[in-house]
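Asker: Here it is, the structure in full.
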Amino acid sequence: MSIESKKVWVVGHKNPDTDSICAAIAYAYLKNQTEEREYVAKRAGNINEETRYVLDYFEAKEPELVTFAGAQIKDISIRKTAGVSSQISLKRAWELMKKLEVVTLPVTNQFGKVEGVIVTKDIATSYMDVLDNRALSQARTQYRTIAETLDGEVYAGNEHAHFVRGKVVVATSNPEYMANVIEDDDLVILGDREEAQMQAIKSNASCIIIGGGLEVDEEVKKLADKSDCVIITTPFDTFSVARLINQSMPIKQYMTKQNLITFEIDDYVDDVKEEMAKVRHRDFPVLNENGNYVGMVSRRNLMSMQKKQVILVDHNEKSQAVEGIGEAEILEIIDHHRLGSLETISPVYFRNQPLGCTSTIIYQMYQEKGVDIPKQIAGLLLSAIISDTLMFRSPTCTPLDKSVAESLSRIAEVDIEEHAKNMFRAGSDFKNKTTEEIFYQDFKVFHTNDCDFGVAQISAMSKEELDKLGEQLRPFMIQVLGEKKLDMVYVMLTDILDESSKVIFAGNEAGKLLANAFKKTEDEQGILLPGIVSRKKQLIPQLMNTLAERA
């Protein structure tokens, strides 16, 4: 199993805000200080400009993006069968298979790239070729490999040369008949008859194999050296040599090279299962990110799959979680929102407090664990609280959020008001963003028995800027209705300084629902809601209550 697969992810929601990112980083740091396992912060979506400013200001590394929490090949105990050269003999391959108790060997080159696979069926096929007396030369078999297969030795000639032309001949006839049968470059299997050995060499054989473990006469060796003929001696008799010799062929002659099915270490198990079901063989090479061979995976290996282990911060809604969360093992949830739709297979540590920010909860956990907060982590936690509470303007803000922020500002050595203005200014810079990026930078979907609706929130320090964004977003909201299969879509255009939100909408009865919820007059251009700046505490509860009354 890979090192990466043993790490626990700490991840916030899709379309992450500053709290989602900073809470993940800070909590992963805390866990690494207090536990032996390794915890790593991840993000489930692209970060916004405000968060980017915070990370850059405190020189914090942006968490790696994850888009799916399902199990991958790297979460499986793959078999580390070493790759073999395409030049090893069929006999050697068979011996390795028996020793390793496998039915498939991966064939790799010197650079670690997969060239093919050899399975027991391929070796069985080679035995059927025993009637083809030119198979050995067609496979360009090395003489040294032939000697090894026959437990023999090269007595004369170049052991590194290859048998590349001619056929295999068993010399059981008299020398006169042999002269008519043996052709140039043939390989001749014979016994102790010196005259037969001499005749084979004179007939221009490229190699003679002498069975029975007999010593070779010096005159035969001299003639062989003069004729550039290889002599191999073996303890096996002529029949055994004829039966075994095809096992000396290199496996490249029989291995599967075309249409190989391989998997990458990051491939998802569900995709792998689907691909495996299409073929009959059961073992497949696994490649790393560089395309190099790292091991073999089989259907049986999939049974030892270890699910991704994750800790969720700043959310507990399945619709807001990283895709594939149902296939992961959730260890903990740290959140400050209402209870959502997420279900777990087994009990988990679930900490949910009615505070303005998840990072406030994580600050408490540092205090409870007795872990000092580094300056960088303090800056990240402070930024998250400022962002989530709109610098203490949001009704979700509690006295604890504010006192924690003040403590963190002293550790981080920053002025809260100045830092907040710089953050909000960075977050209000939409010049280089597409309409889609602006809309989805903070968008959440909510489900009721009656309907499904989504709410995006965009904050800025300028009413004029928000009005421009409203006009830009209106047609895109219609598109979101269809793409996300929602009944209604809302966008909160929140004026930070004025502490108000103008809410624009799309979808049947979206305007009517909003107007009824806040006792306002329906207006197709949007409804201004003074004092409404919190989606979580002010907008969503009112919409939910109105929907419940309507049902």
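The values are calculated or read from the model by the stated rules, or taken from the named source; none is laboratory data. This is a predicted model, so every value here is computed, not measured. Neighbour counts run over all protein chains shown; Cβ positions are idealised from the backbone, glycine included. Quick note on the areas: whole protein, heavy atoms, side chains included, nothing else; ligands and nucleic acids left out. Shrake-Rupley method; radii C 1.70, N 1.55, O 1.52, S 1.80 Å.
Asker: Checking Glu38 against (1) among the acidic types (Asp, Glu); (2) closer than 30 Å to Lys433 by Cβ; (3) open to solvent by 30 Å² or more (accessible area, probe 1.4 Å); (4) modelled with pLDDT of 95 or more, which single condition isn't satisfied?
Answerer: (2)
Asker: Do we have Asp266 as of a type outside the set (A, V, I, L, M), closer than 17 Å to Phe68 by Cβ, open to solvent by 10 Å² or more (accessible area, probe 1.4 Å) and part of a helix (DSSP H, G or I) here?
Answerer: no
Asker: Given the conditions (1) assigned to a loop (DSSP other than H, G, I, E, B); (2) of a type in the set (Val, Ile, Thr); (3) under 18 Å from Thr145 (Cβ atoms), report the number of the one that Ile189 does not fulfil.
Answerer: Every listed condition holds for Ile189 apart from (1).
Asker: Out of the residues in the range 89-104 that are out of contact with any helix residue (DSSP H, G or I) (no Cβ under 6 Å at 6 or more places or on another chain) and aliphatic (A, V, I, L, M), state the one that is surrounded by the fewest Cβ atoms within 10 Å (Cβ to Cβ).
Answerer: Per the stated criteria, the residue is Leu100.
Asker: Shifting gears a bit: Can you find, within the range 45-70, the residue that is most open to solvent (accessible area, probe 1.4 Å) among those that are at pLDDT 95 or above and in a loop (DSSP other than H, G, I, E, B)?
Answerer: Lys61
Asker: To continue, here is another question. Considering only the range 138-151, I want to know if a residue exists there that is surrounded by 14 or more Cβ atoms within 10 Å (Cβ to Cβ) and among the aromatic types (Phe, Trp, Tyr).
Answerer: yes
Asker: Would you mind stating whether Thr125 is within 30 Å of Asn259 (Cβ to Cβ), loosely packed, with under 14 Cβ neighbours inside 10 Å, modelled with pLDDT under 90 and among the hydroxyl-bearing types (Ser, Thr, Tyr)?
Answerer: The answer is yes for Thr125.
Asker: Then there's this: Of the residues that make up the range 475-485, is at least one open to solvent by 20 Å² or more (accessible area, probe 1.4 Å), farther than 16 Å from Val503 by Cα and in contact (Cβ under 8 Å) with a residue 60 or more places away in the chain?
Answerer: no
Asker: When only residues in the range 1-20 that are open to solvent by 10 Å² or more (accessible area, probe 1.4 Å) and part of a loop (DSSP other than H, G, I, E, B) count, which is modelled with the highest pLDDT?
Answerer: Within the range 1-20, the match that is modelled with the highest pLDDT is Asp17.
Asker: Moving to a separate point now. State all residues of the range 532-551 that are assigned to a helix (DSSP H, G or I), over 11 Å from Val503 (Cβ atoms) and among the hydrophobic types (A, V, I, L, M, F, W, C); if no residue qualifies, say none.
Answerer: Selection gives Ile540, Met544, Leu547, Ala548.
Asker: Also, quick follow-up: What residue, among those in the range 354-376 that are among the β-branched types (Val, Ile, Thr) and closer than 26 Å to Gln457 by Cβ, is surrounded by the fewest Cβ atoms within 10 Å (Cβ to Cβ)?
Answerer: Taking the candidates together, the pick is Ile361.
Asker: Moving on. Listed residues Ser501, Ser459; which is touching a helix residue (DSSP H, G or I) at 6+ places or on another chain (Cβ under 7 Å) and not in a helix (DSSP H, G or I)?
Answerer: None of the other options fit; the residue is Ser459.
Asker: Could you pull out the residue among Asp415, Asp429 that is of a type in the set (Asp, Glu) and either touching an Asp or Glu at 6+ places or on another chain (Cβ under 6 Å) or under 21 Å from Ile47 (Cβ atoms) (or both)?
Answerer: Selected residue: Asp429, the only one of Asp415, Asp429 that is of a type in the set (Asp, Glu) and either touching an Asp or Glu at 6+ places or on another chain (Cβ under 6 Å) or under 21 Å from Ile47 (Cβ atoms) (or both).
Asker: Applying the selection to the range 434-474, what residues are open to solvent by 50 Å² or more (accessible area, probe 1.4 Å) and β-branched (Val, Ile, Thr)?
Answerer: Across the range 434-474, the qualifying residue is only Thr434.
Asker: For the range 97-125, which positions are under 28 Å from the mean Cα position of the chain (by Cα) and in a helix (DSSP H, G or I)?
Answerer: Once the filter is applied, which keeps residues that are under 28 Å from the mean Cα position of the chain (by Cα) and in a helix (DSSP H, G or I), the range 97-125 yields only Leu100.
Asker: So, in the range 150-165, exactly how many residues are assigned to a strand (DSSP E or B) and of a type in the set (Asp, Glu)?
Answerer: Total satisfying the criteria: 1.
Asker: I need the full set of residues from the range 287-341 which are assigned to a loop (DSSP other than H, G, I, E, B), of a type in the set (D, E, K, R) and open to solvent by 50 Å² or more (accessible area, probe 1.4 Å), in order please.
Answerer: Listed by number, the residues that qualify are Glu289, Arg299, Arg300, Lys307, Glu323, Arg338.
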